[in-house]
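This is the structure I want to talk about, given as structure tokens.
The numbers here are math on the coordinates, done by the rules we state, and not lab data. Computed from a predicted model, the values in this text were never measured in an experiment. Note that each Cβ is placed from the backbone with ideal geometry, even for glycine, and that neighbours are counted across all protein chains shown.
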2 protein chains.
Amino acid sequence: MSSSPGLAEVARLAGVSLATASRVVSGRGPASAASREAVRRAAAEVGYVPHPVASRLARGAGTRILFAVRDRRAGIVHDPFVTRAAAAMAAAVDADGLGVSLRHLPLDAAAGLERIAADRSVAAVVLAGHDSLDDVPAGLRGRFAAIGADGLDVDSAAGIGALLRHLHVIGRRRIALVSGPAWLAAARAPLGAYTTLMREAGLPIRVVPGDFTAGRGRLAAATVLRRWPDTDAIAAVSDATAFGVLQSLAAAGVRVPCDVAVTGFDDIPVAACVSAALSTATHPVELIAAAAAKAALGADSSARLFPSRPVLRSTA
Amino acid sequence: MSSSPGLAEVARLAGVSLATASRVVSGRGPASAASREAVRRAAAEVGYVPHPVASRLARGAGTRILFAVRDRRAGIVHDPFVTRAAAAMAAAVDADGLGVSLRHLPLDAAAGLERIAADRSVAAVVLAGHDSLDDVPAGLRGRFAAIGADGLDVDSAAGIGALLRHLHVIGRRRIALVSGPAWLAAARAPLGAYTTLMREAGLPIRVVPGDFTAGRGRLAAATVLRRWPDTDAIAAVSDATAFGVLQSLAAAGVRVPCDVAVTGFDDIPVAACVSAALSTATHPVELIAAAAAKAALGADSSARLFPSRPVLRSTA
DNA sequence: CTGAAAGCGCTAACAT
DNA sequence: ATGTTAGCGCTTTCAG
């Protein structure tokens, strides 16, 4: 009933050395079937729970994976996609006894990456928003991955392609694309897919640049309507952009999908819900979560009840 | 130019003992101004970067804070609110060299909590979805916080109250509430606020239970319309519910806000955008993020390009 | 294949 | 206030 049986306890009970017990439990290094069995049994008997922190310290490995997001705005860490990703990682590494931390990196990330490489508590790094991987320090070699710049990304060309084909199938022949910003590497694939497919089908190319936001989606739709009034479909490269397009079309009295069909990309949760600009009240989830983390760590913050502010829009 | 100067190096350079250096650097324990200064200088000189993992191992503290969400569905870890919270924590603990991991706990969480308490890699725990804190093991005492059950929550009573007052100001007198499930502690505050305010204002009480989802919002709105046809406002306790209400009203030909005003709660990002059910394509952010985490940790997964599936709804 | 021993980098008594 | 001395729990050469 001691606090927590360690590997030493297990080794003694199994009649082997600490080293052997370690080899068996961690699965690295040789071990005879006999001792393997003995250690297994002993571990089960005393209810051995490994201590990842000790293990990692001994190995010189860190205990957290750092999710570093490069962006102009520090608020990027609250971006829905970033949070989805961070949470997914946090769930993914749980079983390994690791955690993930999230960090915003300004555009000139070189220095930031050096500091990360020097931090021995960092087991590995996941980068996002890094178009070029040239500035990744050597110290990170072998222990980082880059979403969106490393072949590690959604197959947006195929996704957009499937949607464009669908539009063609339902008879649309004058399809416009609201693309991502031209300078963004991640925006090339959808644009390429669009261009290729339109050419193959002998259809006109109608591209208006966007930036993944609803605001630019609104502008883009207006531009499309003005420049090519006979457009019968608009494909946007993000759901947010599509929402903007829809708003713009509604304002112009264009019926969807009879007059103009619209497609987005992402399938964010609300994509399935219609809505009007909603009157509501804020819910400071981030503040509360951060406070909870601090509180759990022992810092007794005074604030326990967080204010909610009404946000009045068009429904009330 | 050695790999990483340790505290020993700093201590030697500062001409003090390891212990003193530790005291200064960690800030715990006494230290004369003189040695404090010496250590500071030495640390800066060699570019000392503390090793949180070693520190925490020596202290017997864990290296991650575990966000444990109790719910019926394992998919709760992808809930937008959960991800927002998890990401916010991950950003909050970054500076401390800690990480956060995310875990789903089934409804009979007792066993799960025991295991968490026994895991020495866990520095602290943040609980969500735990209405009662009776089943929290003693081993977690002093190192956990509970969102929603510990006074650590949004002030929803005030938030809803402000909205209701607004509705009253704009002349609404027959206000219905789509509440949360009756058995949920978190649902009591909004309901209480509503009841109190309606009574004080001498207005009728019209409550229909919901469950925070859009689906129940739709049903609830229909119920309201049938039961109290003269209702001129519907307050929902979540934005998702409000979206459902809006859909239902639109289907019934009720104009918003002229006929019926609607309010939600949460201010989720899309609350400001209108939309029709959108045709789009999936974007498996979670899969990619999890793969990225694994890849960063050295597991060479084969999948690098993740499939996107078209989701056809009403706009195309 | 196995064991003894020397750490990983820092902290915490205890004594001075 | 400071130094000495054991560890934290596990890994890993290096012999045997």
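Loop only per DSSP, at most 15 neighbouring Cβ atoms within 10 Å: give me the trypsin sites (Lys or Arg not before Pro) in segment B:1-88, ordered by residue number.
Qualifying residues, ordered by number: B:28, B:72, B:73.
Sticking with this one: When the gyration tensor of segment B:1-155 is built from Cα positions, what are the square roots of 5 times its three eigenvalues, in whole Å, from largest to smallest?
That gives 39, 16, 14 Å for the three semi-axes.
Between rounded, prolate and oblate, where does segment B:64-151 land on the alpha carbon gyration tensor, with a ≥ b ≥ c its root eigenvalues, rounded for a/c under 1.5, else prolate if a/b exceeds b/c?
oblate
Hey, another quick one. With +1 on the Cβ of every Lys and Arg and -1 on the Cβ of every Asp and Glu, and nothing else charged, how large is the dipole of segment A:64-151 about its Cα centre, in debye rounded to the nearest 20?
Dipole of segment A:64-151, to the nearest 20 debye: 200 debye.
I would also like to ask the following. Give me A:241, B:231, A:213, B:223 ranked fewest to most by other Cβ atoms within 10 Å of their Cβ, as a rough exposure proxy.
Listed from fewest to most nearby Cβ atoms, that is A:213, B:223, B:231, A:241.
Taking amide H positions as placed 1.01 Å from N in the peptide plane, with prolines and chain starts having none, which residues 5 or more places from residue B:236, or on another chain, fall under 5 Å of its amide H?
B:178, B:263, B:264
Okay, moving on. State to the nearest 20 debye the size of the charge dipole of segment A:216-267 about its Cα centre, where the only charges are +1 on K and R beta carbons and -1 on D and E beta carbons.
My answer is approximately 300 debye.
Now, a different point. Could you let me know the centre-to-centre spacing of segment A:149-205 and segment B:206-237, using Cα atoms, in angstrom?
Here the two parts' Cα centres lie 41 Å apart.
What is the sum of charges around residue A:186, taking Lys and Arg as +1, Asp and Glu as -1, for the other residues whose C-beta is under 9 Å from the C-beta of residue A:186?
So the environment of residue A:186 carries a net charge of -1.
Right, another one. Relative to the compact-globule scaling 2.2 N^0.38 Å, provide the ratio for the alpha-carbon radius of gyration of segment B:165-235.
Ratio of Cα Rg to 2.2 N^0.38 Å: 1.06.
Would you please report the Å³ per residue occupied by the convex hull of the alpha carbon atoms in segment A:7-50?
So the per-residue hull volume is 54 Å³.
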